[in-house]
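Worksheet: one structure, shown below.
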Amino acid sequence: MTVNEVIQRGAEFLQRHGVDSPRLHSELLLAHVLKVPRLQLYLNHDRPVAEPELSVVRALVQRRAQREPLQHLVGSTSFCGLELTVSPAALIPRPETETLVELAVAALKRYGAPEPGLLDFGTGTGCVAVALAAQCPTACIHALDVSEAALALARANAERHGFIGRIRFHHGDGFRALPTGLRFDLLVSNPPYIPTADIATLQPEVRDFDPVSALDGGADGLDFYRLLAREAPSWLNPGGGLLAEFGDGQAEAIERLFTDAGWTRAALHRDLDGRWRVVEAWRTA
Ligand SMILES: C[S@@+](CC[C@H](N)C(=O)[O-])C[C@H]1O[C@@H](n2cnc3c(N)ncnc32)[C@H](O)[C@@H]1O
């Protein structure tokens, strides 16, 4: 079979199994197996695909048809321009989380501390911590997670990009993961925010392959914002701030939650799709 035929068959198979963007995914899987950039497939569309490669690509297309995420199959994803290793140990970084990173970089510039202390609460793959290490060269970064497997992946990603010496990783449940006495200028978090009962309704790629501990935000999805609103101030320097991502339909409740908890300013930001996505709140100076 030629490159073109393999792509075509794969795309038809994925379409029959209800996979979004079936042709793109068929192309990306073949490109991954042939170890070439996707666009190179177009230049070689008549090239025959040898049997060993064909059987590998067939197996991957079948797994994708079972709704295993493309990123797990190819083992990586791009986040803030960095290629990150992904695995079932942690949530696959989402494009909307890049907004959280952009807002954090802008907030740190305004804040103006020469060596700001940052905490990434619920680091997962380490995507936010690693992207901030890349974009804020003088920041002193800490990252915590309740999942040891996620932390191992986050460490591997920090290592992959040369930031292992810049990020301190902590294992444990919420702020209990941290040694006492630490204080930060900015806390960033993309916490679990799906209401427990909604998890069963998510698309299979998320429901069956992202760790449930990365999704489950409690009965109304807001457990972690309550925790952050209540406990984060004692981990922040006076005048320090917090940026946290949240889900669709949660904006009003979250803004109220931070305002009621006595944060001086609580404001909301939209993502690139125009959806309310991030809450920003500051402690009194
Ligand atoms: C939505 S994921 C976000 C991962 C990553 N920051 C990102 O944006 O892709 C939430 C993360 O919070 C972690 N987490 C869940 N409960 C936690 C807890 N009680 N204490 C610390 N981390 C927790 C999960 O293990 C998961 O890695």
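No value in this document is a laboratory result; all are computed from the given coordinates. Note that the coordinates shown come from a computational prediction; the quantities given were computed from them, not determined experimentally. Neighbour counts run over all protein chains shown; Cβ positions are idealised from the backbone, glycine included.
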DSSP bridge orientation in the chain - percent antiparallel, rounded to nearest 5: 45
Equivalent-ellipsoid semi-axes of the range 146-255, from the Cα gyration tensor, Å, largest first: 25, 21, 12
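Using the Cα centre as the reference, give the magnitude of the dipole from point charges on the C-beta atoms of the range 3-66 (Lys, Arg: +1; Asp, Glu: -1; all else neutral), rounded to the nearest 20 debye. Numbers along the way, then the final one.
Details: 9 positive and 7 negative charges, 35 e Å.
I would put it at about 160 debye.
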Nearest 10 degrees, 0 to 90: helix 51-65 Cα axis against the chain principal axis: 50
So which residue, out of T264, T77, T180, gets the largest mean-square fluctuation from a GNM of the chain using Cα contacts under 10 Å as springs? T180
Could you state the orientation-averaged shadow area of the convex hull built on the Cα atoms of the range 80-282, in nm² to one decimal? 10.4
Under 5 Å, built H, 5+ apart or other chain: amide partners of H170: A143, L144, D145
In sequence order, calculated HN-Hα J values of the range 93-104 (Karplus, 6.51, -1.76, 1.60; Hz; x Gly/Pro): x, 9, x, 5, 6, 4, 4, 4, 5, 4, 5, 5
Pick out, from A281, A129, A11, the residue whose Cα sits farthest towards the positive end of the charge dipole of the chain, with +1 on the Cβ of Lys and Arg and -1 on the Cβ of Asp and Glu. A129
What dipole magnitude, in Debye to the nearest 20, does the chain give about its Cα centre under +1 on Lys/Arg Cβ and -1 on Asp/Glu Cβ? 460
For N237 and D273, what is the calculated FRET efficiency with R₀ set at 41 Å and r taken between the beta-carbons, to the nearest 0.05? 0.80
With label points built 7 Å along Cα→Cβ from the Cα atoms of D248 and L24, find their separation and express it in nm. 1.7
Rounded to 10°, Cα long-axis angle of helix 22-34 versus longest principal axis of the chain: 80
Within the range 191-212, find all residues whose amide N lies under 15 Å from a label point positioned 7 Å from the Cα of R63 along Cα-to-beta-carbon. 205, 209-210
Quick check: the distance between the Cα centres of the range 32-66 and the range 164-180, to the nearest angstrom? 41
Proximal charge balance of L24 [Cβ under 12 Å; K/R count +1, D/E count -1]: +1
Using the Cα centre of the chain as origin and beta-carbon charges of +1 (Lys, Arg) and -1 (Asp, Glu), tell me which of L30, A214, G81 is placed farthest towards the positive end of the dipole. G81
Once R0 is set to 51 Å, what does the formula 1/(1 + (r/R0)^6) return for the Cβ-Cβ distance between T264 and E83, expressed as a FRET efficiency to the nearest 0.05? 0.85
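Using helices alone, what [θ] at 222 nm do you get for the chain, with -39,500 (n - 2.57) per DSSP H run of 4 or more residues, divided over all residues and rounded to the nearest 500?
The helix-only estimate for the chain comes to -11500 deg cm²/dmol at 222 nm.
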FRET E, pair S55, A200, Förster distance 30 Å, beta-carbon r, rounded to 0.05: 0.30
